[in-house]
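Just so you know, all these numbers are worked out from the coordinates, no wet-lab data involved. Being a predicted model, the structure only gives us computed values, none of them experimental. Virtual Cβ from ideal backbone geometry, glycine too; neighbours counted across all protein chains shown.
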Amino acid sequence: MRFDAGTIIKLVIYSFLVGALLYWLGWSPGDVYGWTANRAADAWSWLVGSGLEYILLGATIVVPVYFLMHLKNRRRDR
């Protein structure tokens, strides 16, 4: 990822536009972060209630093992 002058200028302009939109809507950054956290908590509650939590629990084991195996095979193929 490169941060040249053009990228920095774009980030400043986008930040200003998003900040102006938030100001116009009367929202604070805390409102946005709180809404996001509430949606994540609602999604987690739905997943736990539907039995999909076991898929997530399995993924906590399967995904890291997959990445480790992928890295191991990648080193061997060099």
Taking the residues in the range 32-78 that are in a loop (DSSP other than H, G, I, E, B) and of a type outside the set (A, V, I, L, M, F, W, C) as candidates, determine which candidate is surrounded by the most Cβ atoms within 10 Å (Cβ to Cβ).
51
Residue that is surrounded by the most Cβ atoms within 10 Å (Cβ to Cβ) [pool: residues in the range 1-31 that are charged (D, E, K, R) and part of a helix (DSSP H, G or I)]:
31
